[in-house]
1. Out of the stretch 163-177, which residues are open to solvent by 60 Å² or more (accessible area, probe 1.4 Å) and at pLDDT below 90?
2. Out of everything in the stretch 167-195 that is hydroxyl-bearing (Ser, Thr, Tyr) and in contact (Cβ under 8 Å) with a residue 60 or more places away in the chain, what residue ends up being nearest to Tyr110 (Cα to Cα)?
3. Name the pairs: first residue in the stretch 87-107 and under 14 Å from Tyr188 (Cβ atoms), second residue among the basic types (Lys, Arg) and at pLDDT 80 or above, Cβ to Cβ under 6 Å, at least 6 apart or on different chains?
4. Just checking: which of the helices (runs of 4 or more DSSP H) contained wholly in the stretch 1-91 hold 3 or more residues that are among the β-branched types (Val, Ile, Thr) and under 30 Å from Leu149 (Cα atoms)?
5. So, in the stretch 178-209, how many residues would count as being assigned to a helix (DSSP H, G or I) and at pLDDT below 85?
6. Just to be sure I understand, how many residues within the stretch 127-162 are over 14 Å from the mean Cα position of the chain (by Cα), open to solvent by less than 40 Å² (accessible area, probe 1.4 Å) and at pLDDT below 85?
7. Show the residue pairs meeting these rules: Cβ distance below 8 Å; 6+ apart or different chains; first residue within the stretch 1-23 and under 19 Å from Lys36 (Cα atoms) and crowded, with 18+ Cβ neighbours inside 10 Å; second residue of a type in the set (Val, Ile, Thr) and at pLDDT 95 or above.
Amino acid sequence: MPKETFLNLSEGKKEIIINAAKREFARVPFQETSIKNIVEDAGIARGSFYQYFESKEDLLEYIISNHALMVNKGTEETFHKTNGDIFEVFISIYDHVLEQCMSKEDIKLYKNIFENMKNSEDGIFLATMKKYKPKDISEYYRLINKENLKIENKEDMIIIIKMLGSITKNAIINSFSYNSNKKAREEYLKMINYLKFGIEKKERIKKKC
């Protein structure tokens, strides 16, 4: 994580360094990235870089941890806004991550990260994402509205959370293969609705009973 000297910089100076790092991390697989390119792009001395961060891994951790903190903040806010609707919470996480990842500035960076999560020797991406992943939704158990859910205990809720988490994570990764964010989101919402309302017709369920 950053040293005190970096935290004491002006917001403008921090942004220049972070944006230079994002461009470099988006350019090639992580092992091929260069601190030399980052400092030249940011217009700082190489020695200054080490006054701010221990290494390029340290810098990557900082970038990803900031996004995780934003997701956590947005998640808690959504719980309160939606009266604890667990489905709306996961949709908001999807929207927030895609908004961050698909921004003009960050799309190449996160495309690189998610591609490396699926298939790469650059373990730094996966390790860092795991270390700084957003807070587990089960930690918000007390905020979840359980009135309309077919659950009996916290263990049941954790199963639902795992299912929603898996659907959401895969939808985010797969979104990079779509030409349209709208189309990717529509498919994601269909999956959420199948989980929420079921896929078997009610008439058939009645007959079985």
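The values are calculated or read from the model by the stated rules, or taken from the named source; none is laboratory data. Since the model is a prediction, treat every value here as computed from it, not as a measurement. No Cβ is skipped: glycine too gets one built from the backbone with ideal geometry, and neighbour counts run over all protein chains shown. Calculation scope for accessible area: heavy atoms of the full protein, side chains included, ligands and nucleic acids excluded. Shrake-Rupley method; radii C 1.70, N 1.55, O 1.52, S 1.80 Å.
1. Pass one, the stretch 163-177, residues open to solvent by 60 Å² or more (accessible area, probe 1.4 Å): 163, 169-170, 174, 177.
Of everything in the stretch 163-177, those that are open to solvent by 60 Å² or more (accessible area, probe 1.4 Å) and at pLDDT below 90 turn out to be Lys169, Asn170, Asn174, Ser177.
2. Just the residues of the stretch 167-195 that are hydroxyl-bearing (Ser, Thr, Tyr), to begin with: 168, 175, 177-178, 180, 188, 194.
Add one more test, that the residue is in contact (Cβ under 8 Å) with a residue 60 or more places away in the chain, and what stays is 168, 175, 188.
Numbers: Thr168: 16, Ser175: 11, Tyr188: 19 Å.
Ranking the candidates gives Ser175 first.
3. Between residues of the stretch 87-107 that are under 14 Å from Tyr188 (Cβ atoms) and residues that are among the basic types (Lys, Arg) and at pLDDT 80 or above, the close pairs are Phe87/Lys196.
4. Numbers: elements: 4-7, 11-27, 35-42, 46-52, 56-81.
Counting at least 3 such residues, we get 56-81.
5. If we filter the stretch 178-209 for residues that are assigned to a helix (DSSP H, G or I), which is where we start, we get 181-197, 202-208.
Right, trim to at pLDDT below 85 and you get 181, 202-208.
The qualifying residues number 8.
6. The total comes to 2.
7. Phe6/Ile17; Ile17/Ile38; Ile17/Ile44; Ala20/Ile38; Ala20/Val39; Ala21/Ile38
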